[in-house]
């Protein structure tokens with residue numbers, strides 16, 4: 001335990017070492033035994049802060065205020081549920097649009113007419129003009 005670590009712990013947990021986290025209590029007690037003057041100074045500052053904090057009392061909340069806060073919290077939960085529903089609706093709309101596009105594509109592909117020629121596939125794919133016996137030119 002270093003002096004800085006001991007001071008940080010006393011500022012965080014107060015002047016009563018027995019209330020500190022269990023994993024640092026033994027090291028803190030050993031440090032107090034080795035450095036009684038410095039520990040007394042640090043724990044004295046923490047004790048003064050503890051006494052000031054002990055004088056502060058939490059505010060008393062009236063029953064009416066408590067009920068108003070609870071009443072306001074319920075609509076917030078409902079609004080968050082509606083926000084989820086809105087997001088799900090948008091997702092459903094996008095999915096329906098994709099499905100409609102897929103169905104339309106399948107229907108239209110069934111109506112395509114494929115023209116075949118006896119020419120090699122490479123000449124058709126590369127756009128070469130190939131004359132036939134009848135004088136027609138296929139692209």
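The values are calculated or read from the model by the stated rules, or taken from the named source; none is laboratory data. Quick caveat, the model's predicted, so the values are computed rather than measured. All Cβ positions, even for glycine, are placed from backbone atoms using ideal geometry, and neighbour counts span all protein chains on display.
Residue-by-condition table, conditions (1) more than 39 Å from the chain's Cα centre (by Cα); (2) in a helix (DSSP H, G or I); (3) within 30 Å of residue 11 (Cβ to Cβ); (4) at pLDDT 60 or above:
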residue	(1), (2), (3), (4)
59	no, no, yes, yes
73	no, yes, no, yes
80	no, yes, no, yes
107	yes, yes, no, yes
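When segment 33-50 is filtered for residues that are without any contact (Cβ under 8 Å) to a residue 24 or more places away in the chain and more than 15 Å from residue 13 (Cα to Cα), the ones remaining, listed by number, are 33, 34, 36, 37, 40, 41.
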